[in-house]
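Quick one: structure below, then a few questions.
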Amino acid sequence: MKLYRNNNTARHLQNNAFSLYFFLNIQYDYIITGSGCAGLSLLYRILKEPALQNKHILVIDAVEKNTNDKTWCFWEKTNGLFEDIVLHRWQELIFRSATFSDIFSIEPYQYKMIRGIDFYRYVLSFAERFPNVHWVHEKVESVYSDTSNAVVITEQHTYTGKWVFNSILFNKPKGIYNLLQHFKGWFIQTEEAIFNPRQAMFMDFSVNQKNGTAFMYVLPVSPTSALVEYTLFTASVLEDAAYTEALQHYIQHTLSVNKYTIVHEEFGIIPMTDAHFPLQQGNIINIGTAGGQTKASSGYTFQFIQKQTEQIVQQMLQHTFRLQQSFSAKKFKLYDKTLLNVLSNNNMNGDAVFTALFKNNPPQAILQFLDNETSLHEDLKILQSVPTKVFLPAAMQVIWLSLWKKSSH
């Protein structure tokens with residue numbers, strides 16, 4: 001078992017039997033299971049609050065966060081909580097499909113990129129200042145809540161806290177519609193300056209659609225380096241060679257780059273499902289993807305995590321937790337389910353859906369809509385830009401299935 005505190009007292013803790021006994025038997029104020037984006041975002045926000053930063057906190061994860069395993073991209077109008085570690089930002093987005101292409105200014109928004117390793121180091125370095133934050137590297141097997149506490153069971157030990165904030169998906173979620181967003185990306189370095197660092201290729205649907213909804217991202221961070229990512233919305237992943245072939249073909253034939261070096265590679269799978277993700281189960285608060293913060297229709301997660309963790313901290317300050325789904329959240333889940341219905345039933349190709357959106361709406365309106373921040377009136381403007389004959393029957397079917405599902409329970 002590897003135990004350590006962020007103030008580098010690991011060796012003393014392991015060698016001192018009394019300290020170890022105290023460590024294992026203390027009742028924590030907060031236990032955070034999983035030290036990814038959601039867990040560390042919440043920890044950072046807690047430690048930034050003077051009224052909360054002295055709470056006894058335990059963070060449990062099977063592995064140390066010391067590799068660059070993720071890249072998060074998101075948009076916002078102002079400087080965010082993690083502005084210091086934004087690797088790059090873009091003021092212009094490019095959309096391209098077989099029938100439409102354009103370059104959009106997205107002001108006052110900026111599209112931003114944060115590397116996983118920079119995020120982990122930033123939060124962990126800040127947390128080192130707090131001896132009341134404890135860390136355990138053990139695999140979490142389960143969590144449960146009793147009448148007044150929450151309990152975490154790992155392969156080695158049992159830990160008790162007043163509240164557990166869980167970001168671990170213990171079971172694969174299953175809904176009526178179940179797609180995957182899966183992607184492989186390469187950070188490449190070129191010999192010649194070919195990229196415009198002010199412009200990000202947000203979606204390029206001009207790639208072959210034989211495998212389903214597929215597009216490329218190209219996110220330049222300098223004239224000679226960029227993240228090129230092949231992304232699909234389908235029911236199953238591809239063989240690894242298929243991603244590699246698509247990336248090689250795009251880099252050579254679309255970007256016209258023959259000489260490049262792959263600096264970093266990443267692969268990911270994000271659930272796109274209408275499955276139910278409970279926000280709260282007694283004294284357990286589910287966060288991140290486990291708490292339904294991955295947008296089902298797009299896969300975007302980072303900013304939804306920031307909104308959720310900010311809400312949680314505000315409720316901590318009020319000494320209460322009542323996380324409930326708002327009317328607005330339910331409204332956007334209906335929209336997400338409707339798109340999943342359309343894509344799952346192959347009623348309309350994904351490239352045609354997004355082409356209609358970008359062709360008929362200002363990009364700022366689309367970004368606001370994807371952030372779940374538009375009013376009902378603004379929603380109607382967006383929804384009118386996609387074919388009613390396709391989306392209205394899909395929406396009606398989604399509503400009927402939801403009602404049937406509720407009545408059957």
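Could you grab me the full set of residues in segment 268-289 that are surrounded by fewer than 17 Cβ atoms within 10 Å (Cβ to Cβ), more than 18 Å from Lys330 (Cα to Cα) and not β-branched (Val, Ile, Thr)?
Gly268, Gln281, Gly282
Could you please give the count of residues in segment 213-227 that are exposed (fewer than 14 other Cβ atoms within 10 Å of the Cβ) and either polar (S, T, N, Q) or within 16 Å of Ile269 (Cα to Cα) (or both)? Before the answer, list the steps.
Here is the first cut: in segment 213-227, the ones exposed (fewer than 14 other Cβ atoms within 10 Å of the Cβ) are 222-223.
Among the residues that remain, those that are also either polar (S, T, N, Q) or within 16 Å of Ile269 (Cα to Cα) (or both) are: 222.
Residues meeting the conditions: 1.
May I ask you to list pairs of residues, at least six apart or on different chains, whose Cβ atoms are under 7 Å apart, with the first in segment 112-131 being in contact (Cβ under 8 Å) with a residue 40 or more places away in the chain and among the aliphatic types (A, V, I, L, M) and the second being assigned to a helix (DSSP H, G or I) and open to solvent by less than 30 Å² (accessible area, probe 1.4 Å)?
So the pair list comes out as Ile114/Ile85; Val123/Leu40; Val123/Leu43; Val123/Tyr44; Ala127/Leu43; Ala127/Leu47.
Limited to segment 301-328, what total is found for residues that are within 18 Å of Glu76 (Cα to Cα) and either of a type in the set (D, E, K, R) or in contact with a Pro (Cβ under 8 Å, 6 or more places away or on another chain) (or both)?
Applying the first criterion (within 18 Å of Glu76 (Cα to Cα)) to segment 301-328 yields 301-311.
Among the residues that remain, those that are also either of a type in the set (D, E, K, R) or in contact with a Pro (Cβ under 8 Å, 6 or more places away or on another chain) (or both) are: 307, 310.
Matching residues across segment 301-328 total 2.
Ok, one more. If you check Ser148 against the conditions, is it over 30 Å from Glu64 (Cα atoms) and among the small types (Gly, Ala, Ser)?
It is true that Ser148 is over 30 Å from Glu64 (Cα atoms) and among the small types (Gly, Ala, Ser).
Would you check which residues across segment 51-69 are in contact with a Gly (Cβ under 9 Å, 6 or more places away or on another chain) and crowded, with 18+ Cβ neighbours inside 10 Å and list them?
Result: Ile57, Leu58, Val59, Ile60, Asp61, Lys65.
Same structure again: Being of a type outside the set (Val, Ile, Thr) and buried (at least 16 other Cβ atoms within 10 Å of the Cβ) is the filter here; which residues of segment 228-259 pass it?
Glu229, Tyr230, Leu232, Phe233, Leu238, Tyr243, Ala246, Leu247, Tyr250, Leu255 - these are the residues of segment 228-259 that are of a type outside the set (Val, Ile, Thr) and buried (at least 16 other Cβ atoms within 10 Å of the Cβ).
Okay, moving on. Might you check whether a residue that is farther than 25 Å from Thr213 by Cα, touching a Leu at 6+ places or on another chain (Cβ under 6 Å) and either at pLDDT 95 or above or surrounded by 16 or more Cβ atoms within 10 Å (Cβ to Cβ) (or both) occurs anywhere in segment 260-267?
Scanning segment 260-267 turns up no residue that is farther than 25 Å from Thr213 by Cα, touching a Leu at 6+ places or on another chain (Cβ under 6 Å) and either at pLDDT 95 or above or surrounded by 16 or more Cβ atoms within 10 Å (Cβ to Cβ) (or both).
Being free of Cβ contacts under 8 Å to residues at least 40 places away in the same chain and in a loop (DSSP other than H, G, I, E, B) is the filter here, so list the residues in segment 287-321 that pass it.
Scanning segment 287-321 gives Gly292, Thr294, Gln318, His319, Thr320.
Of all residues in segment 144-178, count the ones that are more than 24 Å from Ser41 (Cα to Cα), among the aliphatic types (A, V, I, L, M) and open to solvent by less than 20 Å² (accessible area, probe 1.4 Å).
Residues that pass the stated criteria total 0.
I'd like to know if segment 99-108 contains one or more residues that are among the aliphatic types (A, V, I, L, M), within 22 Å of the chain's Cα centre (by Cα) and under 29 Å from Gly282 (Cβ atoms).
No: segment 99-108 contains no residue that is among the aliphatic types (A, V, I, L, M), within 22 Å of the chain's Cα centre (by Cα) and under 29 Å from Gly282 (Cβ atoms).
Could you list all residues from segment 148-162 that are free of Cβ contacts under 8 Å to residues at least 24 places away in the same chain and assigned to a loop (DSSP other than H, G, I, E, B)?
Glu155
What number of residues within segment 182-202 are surrounded by 21 or more Cβ atoms within 10 Å (Cβ to Cβ) and under 30 Å from Asn346 (Cβ atoms)?
Qualifying residue count, segment 182-202: 7.
Oh, and also: Where the second residue is in a strand (DSSP E or B) and among the hydroxyl-bearing types (Ser, Thr, Tyr) and the first is modelled with pLDDT of 95 or more and open to solvent by 30 Å² or more (accessible area, probe 1.4 Å) and lies in segment 90-102, which pairs have Cβ atoms under 6 Å and are six or more apart or on separate chains?
Glu92/Ser105
At least 1 residues that are open to solvent by 80 Å² or more (accessible area, probe 1.4 Å) and under 30 Å from Ser105 (Cβ atoms) in each: list the helices (runs of 4 or more DSSP H) lying fully within segment 325-409 that qualify.
By residue number, 350-360, 376-383, 388-408.
Residue check: is Gly80 open to solvent by less than 70 Å² (accessible area, probe 1.4 Å), in contact (Cβ under 8 Å) with a residue 60 or more places away in the chain and closer than 17 Å to Lys139 by Cα?
Details: open to solvent by less than 70 Å² (accessible area, probe 1.4 Å): yes; in contact (Cβ under 8 Å) with a residue 60 or more places away in the chain: yes; closer than 17 Å to Lys139 by Cα: no.
When the stated conditions are applied, Gly80 does not pass them.
The values are calculated or read from the model by the stated rules, or taken from the named source; none is laboratory data. Predicted model only: the values in this text are computed from it and were never measured. Here the Cβ is made from the backbone with ideal geometry for all residues, glycine too, and neighbour counts use every protein chain on show. All accessible areas refer to the heavy atoms of the entire protein, side chains included, with ligands and DNA or RNA removed. Shrake-Rupley method; radii C 1.70, N 1.55, O 1.52, S 1.80 Å.
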